[in-house]
1. Given the criterion in contact with a helix residue (DSSP H, G or I) (Cβ under 6 Å, 6 or more places away or on another chain), within 30 Å of G24 (Cβ to Cβ) and crowded, with 21+ Cβ neighbours inside 10 Å, identify the matching residue among A185, A130.
2. Kindly evaluate E192 against the criterion of being at pLDDT 95 or above, in contact with a helix residue (DSSP H, G or I) (Cβ under 7 Å, 6 or more places away or on another chain) and either of a type outside the set (S, T, N, Q) or outside the structural domain of D57 (by TED's automatic domain parsing) (or both).
3. Can you find even one residue in segment 86-105 that is surrounded by 18 or more Cβ atoms within 10 Å (Cβ to Cβ) and over 18 Å from the mean Cα position of the chain (by Cα)?
4. Taking only segment 229-249 into account, find how many residues are touching a residue at least 60 places away in the same chain (Cβ under 8 Å) and farther than 10 Å from I30 by Cβ.
5. Just a yes or no: is a residue in segment 49-59 farther than 19 Å from N101 by Cα and not aromatic (F, W, Y)?
6. Out of curiosity, is T200 under 23 Å from G104 (Cβ atoms) and surrounded by 12 or more Cβ atoms within 10 Å (Cβ to Cβ)?
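The values are calculated or read from the model by the stated rules, or taken from the named source; none is laboratory data. Not measured: the values here are computed from a predicted model. Please note: Cβ atoms are built from the backbone with ideal geometry, for glycine as well, and neighbour counts cover all protein chains shown.
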Amino acid sequence: MAADTSHHIIGLIPSRWGSSRFPGKPLHPIAGKPLVQHVWERVCRCSRLDAIAIATDDQRIFDAAVSFGARAIMTSPDHPSGSDRLAEAVRSFPAATHVVNIQGDEPLIDPALIDRLAEALVSDEALSMATVACPISTREDLDNPNIVKVALARNGDALYFSRSVIPYARHPRVAPPLRHLGIYAYRRDFLENYVRWAPTPLEQTESLEQLRALENGARIRVILTDHVSVGVDTPEQAEQVEQILLNIH
């Protein structure tokens, strides 16, 4: 539990049944437990979170979460984005001042990274959001439009996110490219306003929701890490993660 009484930080794990590549992914068994349970157990190791819950639109996931001891929140199946689902779920926590959105398909997420993210946000009241990035080490990743890149200001705030290669490498060793990792922390009041804003031109062009925040003048702090956990988007990746977990234990 967090010792800071001036902030109440909650961790929310969105978990949906539908997936074009891997339907039912949250309950897929990995090393004897559902995928989403592995994520929840990792998040429970965090020291900066005051409460944790799984937010879902599916009764099967809700029931499974309750069965392994998690708090579960049922949300509407009609949300256009993950942020909208998050904003609905946070209503179940009236005291919450900040919320961390943890991907439900990251069973190897580092709890210390979540704590760093939460701390970065609450330590600067002028920030609206915080997120994470890591160095890009291969040309394949750099050219992959499914791997989002981020360029930073000198104070660590995001200047821009893109599916294209940024910055353009006229002098590549001056500003090495960074990969954006999809974990976010929000001030609660900002999140509630953010989901009311209409989609913005750059957001729609790149299909990157976080650009809506930048286009409306919000500050997003980016913390850097070398830790890139293995996510689960396919059954093959689930097998890879299972081997890692079995080797750990």
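1. A185
2. yes
3. Yes, that holds for at least one residue.
4. Qualifying residue count for the region: 7.
5. yes
6. no
Results for (1) within 24 Å of T131 (Cα to Cα); (2) in contact with a Gly (Cβ under 9 Å, 6 or more places away or on another chain); (3) assigned to a helix (DSSP H, G or I), shown as yes or no for each residue.
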{"residue": "I10", "(1), (2), (3)": "yes, no, no"}
{"residue": "W17", "(1), (2), (3)": "no, yes, no"}
{"residue": "W40", "(1), (2), (3)": "yes, yes, yes"}
{"residue": "L49", "(1), (2), (3)": "yes, yes, no"}
{"residue": "I52", "(1), (2), (3)": "yes, yes, no"}
{"residue": "A65", "(1), (2), (3)": "no, no, yes"}
{"residue": "I73", "(1), (2), (3)": "yes, no, no"}
{"residue": "H79", "(1), (2), (3)": "yes, no, no"}
